[in-house]
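J.: Handing you this structure, nothing more for now.
The values are calculated or read from the model by the stated rules, or taken from the named source; none is laboratory data. Owing to the predicted nature of the structure, the values given are computational and were not obtained by experimental measurement. Neighbour counts run over all protein chains shown; Cβ positions are idealised from the backbone, glycine included. These area figures cover heavy atoms from the full protein model, side chains too; ligands, DNA and RNA do not enter into them. Shrake-Rupley method; radii C 1.70, N 1.55, O 1.52, S 1.80 Å.
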Amino acid sequence: MSRVIPSDRWRQTSHLYHAALELEVRQRAAFLEQACAGDEGLRLEVESLLAQPASADAFLAQPAAALAAQLVGDPGTSMLTGQRVGAYQVQALLGAGGMGEVYRARDAKLGRDVAIKILPRIFTNDPERLARFEREARMLASLNHPQIGAIYGVEESDGGRALILELVEGPTLAERLAKGPIPLTESLGIARQIADALDAAHERGIVHRDLKPANIKITPDGIVKVLDFGLAKLGKSNGTADDLSQSPTLTVGGTREGAILGTTAYMSPEQARGQAVDKRTDIWAFGCVLYEMLTGRRAFAGEDSSITLASVMMKEPHWDALPAPAPLGLRRLLRRCLEKDPKRRLQAIGEARVQIEDLLSGAHEEIGGSPAAPGRLPWFVAAACAVAAVAALWLVRTRPQSPSARDAPADERAAG
């Protein structure tokens, strides 16, 4: 199962490793995001070396081939393709990220394809990273929802850990957005399903922490699936979440105090500062995703991570970029989701789901820029009724009287 890491690749890894060592710890994530330019496999290699003890320089001096069994190498060359993980035949590498590699595999017993997520072997001796992996397994197992990717089981692979996951076919939302903004009604339909998934997770005390278009898939049938709870943490709630928080494998409250996790463009301000986060950080990310679907551009962006983070913490999105048909209720919802102060932000994602459902059903149809009050006629209907009433009264008062009515005594007319 070993493979050779190309020498050019190894030189690049070594160069980035030493460059990152020269930086303060808090600066490394932003540096690697820019230097690796989207190459998640390369970034993972460097991060894994940075996580090693002080002997990492001696570790780097070893031949690349000797390290092949320990490190995640070039994502273009699969280490497990053709191998078996438990009862699953690995077929192809699907992708690599900071929490491991993901493969397509075949379940021969049940005759279905699955996704297998494998934690890099070098991290199995890292209690914190291993705790994240085991935490992900527990959390996903507790989430049985049509808008959340399911977990089928956990396997061991040569001393490592592997999650057996539902294989979700179809493009990611990021791939869909690469084609441009999404029409209003379609955007609302996708957002409703995302909100439904987050609502289910939040009810179990689970915060995703890394919601972004790349972690959202849309099946050919239009079903939205929220994936990758690899950075999720347990929030404070009763029931299952509290029970799981007692597990000795978990680092409750995050992986490292002050650590910045997630993707910068979708981080909440409190997350960008490395502060404690709760479900409101998912609501912020949800607002970012919805804004991007409607406009085709990120709510917060910059030339590098530091500029993006500054934008998240200090700037407002370009609200005038929203499409003209976007109703006032939707604009207000976005502003509430993207309040920088968590106390002023929308407090429950379920509220967003209800508002979106109302917009989709037309219950809050807006006329003249403001929503019609419940039970009240639109202004033009009320005005027409008033005009008709005045006209009817005028006709009654001006109608000619009959001769008998004219000749009758006044008291009789009054009595009549």
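J.: In what sequence, largest accessible area first, do Lys117, Lys340, Lys109 appear using a 1.4 Å probe?
T.: Listed by decreasing accessible area, they come as Lys109, Lys340, Lys117.
J.: For Leu94 paired with Ser306, estimate the spin-label separation in nm (one decimal), with each label point 7 Å from Cα along the Cα-to-Cβ line.
T.: According to this spin-label approximation, the distance is 3.7 nm.
J.: Arrange the peptides 207-219, 174-186 so that the one whose residues have, on average, the most other Cβ atoms within 10 Å appears first.
T.: Sorting 207-219, 174-186 by mean packing, highest first, produces 207-219, 174-186.
J.: May I pose another question? State which entries of Lys217/Lys279; Lys109/Lys217; Lys117/Lys179; Lys179/Lys343; Lys225/Lys279; Lys117/Lys315 exceed 30 angstrom in Cα-Cα distance in the structure shown.
T.: Lys179/Lys343; Lys117/Lys315
J.: Let me ask something else. Hey, can you rank 270-278, 354-362, 288-296 by average C-beta count inside 10 Å, highest first?
T.: 288-296, 270-278, 354-362
J.: What is the gain in length, in nm to one decimal, between Lys343 and Lys315 on full extension, counting 0.36 nm per residue of separation less the C-alpha to C-alpha distance?
T.: 8.3 nm
J.: Another one. If you count only protein heavy atoms and use a 1.4 Å probe, how large is the accessible surface of Asp341, to the nearest 10 Å²?
T.: 60
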